[in-house]
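Just so you know, all these numbers are worked out from the coordinates, no wet-lab data involved. Only a predicted model underlies this, so the values are computations on that prediction, with no experimental measurement involved. Every residue, glycine as well, gets a Cβ built from its backbone with ideal geometry; the counts of neighbours run over all protein chains shown.
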Amino acid sequence: MKKIDLVEAIILAKKSKGLSWESIAAELGASTVWVTSACLGMNSMSKEPAQKLCALLNLPDAAMASLMEYPTKTWDQSIPQDPLIYRLYEVVGVYGETLKEVIQEKFGDGIMSAIDFSLEVDKEENPKGDRVVVTMNGKFLPYKAW
């Protein structure tokens, strides 16, 4: 089963069962962001969560291997058009250099890992309008000289 077919099957099953990403993640005992990313084809699952997901969504047998397959992480290189994704792109465009400067001033010359990494999305209720709280937590990886 191709990843694109797997993603479509997952989304159709999720909708038909009236499930949320949060409820699916709770059933799997994992992070909502990670489960959603794996279901959208950007991460692989180990056997246990893949089995649980296939059972929960009544996915075909071929889905198991596709869920466990290592993904090729690619995305469209053009400027995103979806307003929410565009705003995140805009945040990096406006604050990317600032984040780089501050991170490297605090840690040295290196990068934040997107492999040893977690990402959480929370809602903060506020009388002036609810707030989106995005927390990225990545291991610092210093560049080395050789």
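In summary, the chain shows an alpha-carbon radius of gyration equal to 1.23 times the 2.2 N^0.38 Å reference for compact globular proteins. In terms of other Cβ atoms within 10 Å, 27, 124 run from fewest to most in the order 124, 27. For region 106-135, the list of trypsin sites (Lys or Arg not before Pro) that fall in a loop by DSSP and count at most 14 other C-beta atoms within 10 angstrom reads 128. By the Stokes-Einstein formula, at 1.306 mPa s and 10 °C, region 83-142 with its Kirkwood radius over alpha-carbon pairs has D equal to 119 µm²/s.
The alpha carbon convex hull volume per residue for region 1-84 rounds to 102 Å³. The ranking of 75, 21, 146, 34 by Cβ neighbour count inside 10 Å, starting from the fewest, reads 146, 75, 21, 34.
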